[in-house]
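Before any comments, here is the structure.
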Amino acid sequence: MSMRRKKAISGLAILISASLALTACGDKSSTENNTGTAAGVTDKPLEIKWLGNGTAGMYPEKDAYIVQELNKRFNVKLLPVKADSSKDQELSMLFASGEVPDHMLVSANSIGKILSQGVGRTIPVDMIKEVAPNVWKSTLQNYPQLEQMSIYKDGQLLALPEGTRELFPFTAVRTDWLKKVGASMPTNLEEFKEVARLFTTGDPDGDGKNNTYAFSLTTGYSNIYTLAAAFGFSLPGGTVKDDSWLKDNNGRLIRAQVSENYKNMIIYLADLYKSGYIQPDVTIKDQNALFSDGIVGMQTAGWTSLMPKYRPSDWYALTFKKNPQAAADFLPPLKGPGGKDAIFENQSSVWRYMVVGKDTSDAKLKKILQILDGQLVDAKVHNLVWRGAEGVHFTMNEEGMAELTKEYASNEKQAETGIKFFIINNRNEEQFKLSFGKEATVQSNIQKNYTTVNQLIPAGTIIKSYNEYGADVKKVEDEFFIKAATGSWDVNAEWDHYVKRWNAAGGDKITKEVNETYQKLKK
C-alpha cells in the first residue's frame with residue numbers, strides 16, 4: 001500500500017462538516033428559506049411519507065410533537081412510516097405492499113439491493129447545491145471521493161450518503177494495573193506482549209488470585225482494532241464498518257483478511273493466547289463486563305463508549321463506579337513489525353443512505369432537502385429533531401452537552417415524541433459539542449498525529465458481489481480468526497487452505513469486482 005505520513009487535521013475538523021462554511025450560510029435569509037418562513041408558506045402543505053430512524057422498533061405517530069413542529073416550520077404534512085429500515089425483510093414487505101416512501105433512510109449494507117429494486121429516483125446535485133447547500137458541503141467533507149462512488153452518476157446521486165467522519169476506536173488500558181505491576185504504557189508490540197504478561201501473571205488487581213488477563217476475543221475483531229493498525233491495516237470496529245483493501249506486490253488489491261499483514265497479526269495473537277494472556281473463553285457475549293468487572297485490563301471500543309460523561313450508565317463509566325480506585329488511559333498507536341508506524345485508514349464510513357422514492361416529485365424532494373439542511377444551519381431545527389424542546393425534553397449540563405430529561409429518557413417516550421426520527425447524522429461544531437461535550441475534544445486531540453492513509457476503495461462504493469457472496473466469505477473469515485487465534489489451527493499450516501476456501505466462497509469474485517472498480521476509479 002502506498003503510504004504517506006500526514007499530520008491529520010484535528011478530530012473535530014474530521015468529524016465536523018466545515019463549521020465555518022455552515023455558519024456562513026446561516027444568515028437570516030438562508031435560515032428563513034430553509035425553515036419555510038419565507039415566500040410560499042401559504043401554499044398547500046405537501047404530504048411526505050418519511051421512513052426514518054426508529055427507536056427500538058417504535059415510531060412516532062403523525063400527531064407527535066416533533067412531527068407537528070416540523071410541519072409548521074416547513075409547511076408540510078409528514079407521515080411517519082412504521083418500518084425498520086435496517087431490516088431488508090421489512091423493507092421488502094413494505095415495497096411488496098406497493099408503498100414506496102418519499103424519504104427512506106436505509107442501511108449502507110442494503111443500498112445495493114434497494115437500488116436494484118428500482119424504488120428510488122435520482123437526486124440532482126444542482127438541486128442539492130441550491131436548496132440544501134449545507135447538506136452538500138457536509139457530504140463533500142465526509143466523502144471527498146464522492147464522484148468516485150457508485151451512487152454518483154452524471155451529476156446526480158442515486159442516494160444521499162449519511163454519516164459524519166468518526167474518530168478511530170480507542171483501546172482503554174487500566175493504568176492503575178500498570179502501576180501495580182510496575183509497567184508503563186506500551187509503545188510497540190514487544191512492550192505490549194510484556195504488559196499482557198504482567199496483567200495476567202502479576203496480580204494487577206491485588207486480590208492474590210490468578211484471575212486476570214490482558215484482553216479478550218469474545219466479539220471477534222472489535223477488540224483488536226489498535227493491534228491491527230500496528231500491522232498496517234484497519235479492521236471493522238466501533239462505528240467503522242468498512243472493509244480494508246491493501247495492494248500486493250503486483251499492485252493488485254487484496255482484502256486485508258487474506259493479506260500477509262493479517263496472517264502476521266493472527267500469528268501474534270495466537271502467541272498471546274497460547275501464553276495464556278488472552279481471556280480463554282471466547283463464547284462470553286458481554287465482553288464489556290469483563291473490563292468493568294476487572295477481569296481484563298484492556299478493552300477496545302468506539303470512541304463515544306469511552307466518554308463517561310456522555311454515557312454515564314455504560315460499561316466504561318461503570319468500571320469506575322464499581323472500583324473507585326480504577327484509572328484508565330488510551331493505548332497509543334503501537335510500532336509494528338520492523339518498527340513501522342501503525343496505520344489508520346481514513347474510513348469515512350457511510351452508515352446509512354437516504355433514498356428518495358421513485359414517484360416523489362421535485363417539489364417534495366426540495367422539502368425533504370430543506371428539512372435536512374435546516375438541521376445543519378438552524379440550531380432550533382437541529383435541537384428539535386435531535387432532542388425536542390429545551391426545558392421540556394432536554395436540558396444543558398455543565399459540559400455544554402444536551403441531555404434528555406428523566407421523563408423523556410426512555411425509548412418509549414423518545415419514539416412517542418419523534419426524537420431523532422428525522423435526523424441527518426451530520427453535525428457542525430456547535431452541534432457536535434451539544435451531542436458529546438468536552439470529552440470528545442480531548443479524544444480528537446489525541447488522534448491528530450496518527451499516521452493515516454486514504455481508502456483505496458472509497459466508502460460508499462457499491463460492490464454488487466458482496467450481496468451474493470459477502471455472508472459466505474465472512475463465515476470463512478470468522479472461523480479462521482477464532483480457530484487460528486486460539487490455537488485450534490496452526491496459522492502457517494492452515495493459511496493456504498484458508499485462502500483457497502475464502503476464494504471458493506466467493507472471495508475471488510469480490511476481489512475481481514473490487515479490482516475492476518479500482519481501475520475505473522483511477523481514471
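The values are calculated or read from the model by the stated rules, or taken from the named source; none is laboratory data. Since we're looking at a predicted model, the values are computed, not measured. Every residue, glycine as well, gets a Cβ built from its backbone with ideal geometry; the counts of neighbours run over all protein chains shown. Areas reflect the complete protein model, heavy atoms only, side chains present, ligands, DNA and RNA absent. Shrake-Rupley method; radii C 1.70, N 1.55, O 1.52, S 1.80 Å.
Quick look at the values:
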| quantity | calculated |
| --- | --- |
| Where a residue in region 192-219 is more than 19 Å from Ala328 (Cα to Cα) and its partner, wherever it lies, is open to solvent by less than 10 Å² (accessible area, probe 1.4 Å) and in a loop (DSSP other than H, G, I, E, B), with Cβ under 9 Å and at least six apart | Thr201/Thr212; Leu217/Ile224 |
| Residue satisfying all of: in region 476-505; open to solvent by 50 Å² or more (accessible area, probe 1.4 Å) and touching a helix residue (DSSP H, G or I) at 6+ places or on another chain (Cβ under 7 Å); farthest from Ser259 (Cα to Cα) among these | Gly487 |
| Residue tally, condition open to solvent by less than 10 Å² (accessible area, probe 1.4 Å) and part of a loop (DSSP other than H, G, I, E, B), over region 277-308 | 2 |
| Residues (over 17 Å from Ala228 (Cβ atoms) and in a strand (DSSP E or B)) located in region 321-339 | Ala328, Asp329 |
| Residue, surrounded by the most Cβ atoms within 10 Å (Cβ to Cβ), within region 389-399, restricted to residues that are in contact with an Asp or Glu (Cβ under 9 Å, 6 or more places away or on another chain) and in a loop (DSSP other than H, G, I, E, B) | His393 |
| Close pairs from region 501-523: first within 25 Å of Phe481 (Cα to Cα), partner basic (Lys, Arg) and open to solvent by 20 Å² or more (accessible area, probe 1.4 Å), Cβ under 7 Å, at least 6 apart | Glu513/Lys464; Asn515/Arg252 |
| Selection status of Ala326, under 24 Å from the mean Cα position of the chain (by Cα), of a type in the set (Gly, Ala, Ser) and surrounded by 14 or more Cβ atoms within 10 Å (Cβ to Cβ) | no |
| Residues of region 54-78 that turn out to be at pLDDT below 95, buried (at least 19 other Cβ atoms within 10 Å of the Cβ) and not in a strand (DSSP E or B), as a count | 1 |
| Residue check for Glu403: closer than 28 Å to Gly57 by Cα, assigned to a helix (DSSP H, G or I) and out of contact with any helix residue (DSSP H, G or I) (no Cβ under 8 Å at 6 or more places or on another chain) | no |
| Enumeration of residues in region 294-315 that are in contact with a helix residue (DSSP H, G or I) (Cβ under 7 Å, 6 or more places away or on another chain), farther than 30 Å from Leu246 by Cβ and modelled with pLDDT under 95 | Met307, Pro308, Lys309, Tyr310, Arg311, Asp314, Trp315 |
| Failed condition for Ile419, given (1) assigned to a helix (DSSP H, G or I); (2) at pLDDT 95 or above | (1) |
| Residue match in region 247-255 (condition: touching a helix residue (DSSP H, G or I) at 6+ places or on another chain (Cβ under 6 Å), part of a helix (DSSP H, G or I) and of a type in the set (A, V, I, L, M)) | no |
| Single residue of region 203-230 satisfying the filter (over 16 Å from Asn323 (Cβ atoms), open to solvent by less than 30 Å² (accessible area, probe 1.4 Å) and assigned to a loop (DSSP other than H, G, I, E, B)) that is modelled with the lowest pLDDT | Thr218 |
| Conditions (1) of a type outside the set (Val, Ile, Thr); (2) more than 30 Å from Tyr268 (Cα to Cα); (3) buried (at least 19 other Cβ atoms within 10 Å of the Cβ); (4) touching a Phe, Trp or Tyr at 6+ places or on another chain (Cβ under 9 Å): number failed by Phe432 | (4) |
| Criterion (out of contact with any Leu (no Cβ under 8 Å at 6 or more places or on another chain), part of a helix (DSSP H, G or I) and either aromatic (Phe, Trp, Tyr) or surrounded by fewer than 23 Cβ atoms within 10 Å (Cβ to Cβ) (or both)) met by exactly one of Gln375, Gln414, Gln370 | Gln370 |
| Leu456 vs. criteria more than 25 Å from Ala504 (Cα to Cα), open to solvent by less than 50 Å² (accessible area, probe 1.4 Å) and not β-branched (Val, Ile, Thr) | no |
| Residue within region 464-471 that is of a type outside the set (Phe, Trp, Tyr), open to solvent by less than 70 Å² (accessible area, probe 1.4 Å) and in contact with an Asp or Glu (Cβ under 6 Å, 6 or more places away or on another chain) present | yes |
| Test result for Asp281, farther than 26 Å from Phe231 by Cβ and not hydroxyl-bearing (Ser, Thr, Tyr) | no |
| Lone unmet requirement of (1) modelled with pLDDT of 90 or more; (2) more than 29 Å from the chain's Cα centre (by Cα); (3) hydroxyl-bearing (Ser, Thr, Tyr) for Thr31 | (1) |
| Helices (runs of 4 or more DSSP H) fully within region 424-523 counting 2 or more residues that are at pLDDT below 90 | 429-436, 439-447, 464-485, 508-522 |
| Odd one out for Lys438, checked against (1) in contact (Cβ under 8 Å) with a residue 12 or more places away in the chain; (2) surrounded by 17 or more Cβ atoms within 10 Å (Cβ to Cβ) | (2) |
